[in-house]
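Coordinate-derived values only; no laboratory data. The shown structure was predicted, so the numbers you read here are calculated from the model rather than taken from an experiment. Cβ placement follows ideal geometry from the backbone for every residue including glycine, while neighbour counts extend to all protein chains displayed.
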Amino acid sequence: MMGGHYWQRGDGTPVKTLDQARQRADAFANRLDLRVGEVMQFSKNFYAELKTPSGTLATEILVDPADGDTGIEYGPAMMWNTDYGMHPRGQSQTQTRISPDQAQDRAQQWLSDQGSKLTADEAEAFPGYCTLHTLRSGKINGMLSVNASTGAVWDHTWHGTYIATSEH
């Protein structure tokens, strides 16, 4: 993830607000001809969804609050994304066996199997996988992803505590 379309060095200025994170995400997205959608602030990083010009979800990125470094989110976005990840296969070769509704059901089962009281929100489809928010009493708690081919679940343990969301 050293350079290329996976990572962009920040300017060393701390990123403290959702607007600042959106600016960093925009700079990264523009290199890939993508647009920024939802931006979320967590205690350990900022998260942003990137969309194609037509509005289709493309990939997920992280913005480091310490220095503005921006890159493809580790985990599912890097390993499972069939268009923008480390092992791109292109949509024509993607074997999507699990719909967003099935991904939500799989995520809920996984949470239950872990003994969690969290619930799975609606799944959003990215190339090769789905990502969804986990909820506690109806409020965002975290995120996890479900592989659209295998049904494997990947908990996003790297975010920390959820703080806020900005949508455009």
Review point. So what does the Cα-only Debye profile of the chain read at q = 0.10, 0.18 Å⁻¹, as log10 I(q)/I(0), no solvent term?
Key: -0.34, -1.13
Check your understanding: Which of the lysines could be linked to Lys139 by a straight reach, that is with a Cα gap under 23 Å, when you skip same-chain ones fewer than 8 residues away?
Key -> Lys16, Lys44, Lys117
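Let me check against my output: what whole-number percent is the relative contact order of region 1-57, with C-alpha pairs under 8 Å and at least 6 apart? Display every interim value, and only then the final one.
Details: 55 pairs, mean separation 14.5, N = 57.
Relative contact order for region 1-57 comes out at 25 percent.
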**Study point:** Within region 1-156: Cβ-based charge dipole about Cα centre, in debye rounded to nearest 20 (Lys, Arg +1; Asp, Glu -1)
**Key:** 80 debye
Revision key, fill the gap. The simple spin-label model distance between Asp26 and Thr52, using points 7 Å out along Cα→Cβ, in nm, is 2.4 nm
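Thr17 to Met79: extension gain in nm, 0.36 nm per residue of separation minus the Cα-Cα distance? Please report the intermediate quantities before stating the final value.
Details: separation 62, 0.36 × 62 = 22.32 nm, distance 2.82 nm.
Stretched out fully, the Thr17 to Met79 stretch lengthens by 19.5 nm.
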**Study point:** Neighbour-count ranking [beta-carbon atoms within 10 angstrom, fewest first] of Ile61, Ile163
**Key:** Ile163, Ile61
Exercise for review: Compute the distance in nm between two label points, each set 7 Å from the Cα along the Cα-to-Cβ direction, one at Ile140 and one at Lys44.
Suggested key: 1.7 nm
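Taking the beta-carbon count within 10 Å as an exposure proxy, list Glu167, Glu124, Glu60 from fewest neighbours to most. Intermediate values should be presented prior to the final figure.
Working: Glu167 10, Glu124 19, Glu60 28.
Sorted ascending by nearby Cβ count, the order is Glu167, Glu124, Glu60.
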Study note, to complete from the structure: Under the Karplus relation with 6.51, -1.76 and 1.60 and θ = phi - 60°, whole-Hz ³J(HN,Hα) for region 8-14, x at Gly and Pro, equal 9, 5, x, 9, x, 7, x
Point to revise | Sorted by Cβ density within 10 Å, fewest first, the residues Ser43, Ser145 | key: Ser43, Ser145
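What's the FRET efficiency of Thr96 with Thr161 using the Cβ-Cβ distance as r and R₀ = 25 Å, to the nearest 0.05? Display every interim value, and only then the final one.
Values: r = 32 Å, r/R0 = 1.29.
According to the calculation, E is roughly 0.20.
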